[in-house]
Amino acid sequence: MTAQILDGKKLAADVRAELAHKVAALSGDNVPVLAVVLVGDNEASRIYVRNKKKAAAEVGIVCEVFEMSDTIGEQALLAVIDELNENPHVSGIIVQLPLPAHINPLKILAAIRPQKDVDGFNPYNAGLLACREPQAVVSATPKGILRLLQSTGMNLAGKHVVVIGRSNIVGRPAAMLLLNHDCTVTITHSHTRNLPELTRQADIVVAACGCPKLVKKDWIKFGAVVIDVGINRLDGKLCGDVDFEQVKEIASYITPVPGGVGPMTVAMLLENTYEAALRQPTHECCHGHGHCGCHKHND
């Protein structure tokens, strides 16, 4: 057999088209605004930010980039976050990672108001996800993974998922999200013993460890679904954490790299920003804490 390709580019385009209609239906004062904080001169980060800004413009979301020197202090960066938190026109805030070594990323991410945390990295949102609370903002990559799996039409309930990787950005939230959709989830990592044996038991494999072509054909059960989150450069070419040419011969569905999870991550970020805009109060008198009951809300 040859696996069906889960085309993240096409699915992401469909999501953006639907979002464009929803955003167009909003009044001018409610148009979503995404604030992106970019610290330093990391070329990869700049490329990611440019892609996000381009995709935002496509759906009618305003994307404002705030560029900071890599010498900025932690307190100064926290002050920037605080200003964006209090700005009633800003719907969502993301801080492009990685940050310079002298800045604690968890401290910065925790400072973003949970309602504006469209990356879903604030510990409060991570906790809500773990507690199965529907109001949790789910980080974009796990949300994109779920949407790709749902696009197959399969019933996720009871499926055994093996997640390779335990990062706060992908592995852990993806495991929680899939667990909340009634999957049985095994999280693996660099210290896991007998990793190939474990992955061979999986109905769904989510590879998110940053190891080029780690997952081989003999790691995969016949007919399993394989989601490749990795973006690596090997011999000058982009590749994932899965040996695509091998694994596509035995999987039922597989995501390519590039063109799989990546486009869905950006699309889900935009969807989170739109949803954040709907949660935001529309009047400065509310100071970002919900409707205050003033006359403006009774007009």
Subject >> Whichever residue in region 129-162 is touching a Pro at 6+ places or on another chain (Cβ under 8 Å) and farther than 15 Å from THR255 by Cβ and, among such residues, is surrounded by the most Cβ atoms within 10 Å (Cβ to Cβ) >> reply: SER139
Original post:
When region 18-44 is examined, which residues are found to be free of Cβ contacts under 8 Å to residues at least 40 places away in the same chain and out of contact with any Asp or Glu (no Cβ under 8 Å at 6 or more places or on another chain)?
Top reply: GLU18, HIS21, ALA24, ALA25, SER27, GLY28, GLU43, ALA44
**OP:** Among the numbered conditions (1) modelled with pLDDT of 95 or more; (2) surrounded by fewer than 18 Cβ atoms within 10 Å (Cβ to Cβ); (3) not β-branched (Val, Ile, Thr), tell me where LEU19 comes up short.
**Re:** (2)
**OP:** Might you let me know whether region 29-37 holds any residue that is at pLDDT below 95 and either closer than 22 Å to PRO123 by Cβ or of a type in the set (Val, Ile, Thr) (or both)?
**Re:** yes
**OP:** Would you confirm whether any residue within region 98-105 is in contact with a Leu (Cβ under 9 Å, 6 or more places away or on another chain) and farther than 27 Å from LEU178 by Cα?
**Re:** yes
Original post:
Looking at region 99-130, which of the residues that are in a loop (DSSP other than H, G, I, E, B) and touching a strand residue (DSSP E or B) at 6+ places or on another chain (Cβ under 9 Å) is farthest from PHE66 (Cα to Cα)?
Top reply: PHE121
Original post:
Among the residues of region 243-261, which ones are under 14 Å from LEU6 (Cα atoms) and either surrounded by fewer than 23 Cβ atoms within 10 Å (Cβ to Cβ) or free of Cβ contacts under 8 Å to residues at least 40 places away in the same chain (or both)?
Top reply: PHE244, LYS248, SER252, TYR253, PRO256, VAL257, PRO258, GLY259
Original post:
Is it true that some residue in region 175-193 is free of Cβ contacts under 8 Å to residues at least 60 places away in the same chain, more than 25 Å from VAL266 (Cβ to Cβ), of a type in the set (Lys, Arg) and surrounded by 18 or more Cβ atoms within 10 Å (Cβ to Cβ)?
Top reply: no
Original post:
Do we have LYS53 as under 24 Å from PRO263 (Cβ atoms), in contact with a strand residue (DSSP E or B) (Cβ under 8 Å, 6 or more places away or on another chain), in contact (Cβ under 8 Å) with a residue 12 or more places away in the chain and surrounded by fewer than 22 Cβ atoms within 10 Å (Cβ to Cβ) here?
Top reply: yes
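The values are calculated or read from the model by the stated rules, or taken from the named source; none is laboratory data. It should be emphasised that the depicted structure is a prediction, and the values quoted were computed from it without experimental measurement. Here Cβ is always computed from backbone atoms with ideal geometry, including for glycine, and neighbour counts include all displayed protein chains.
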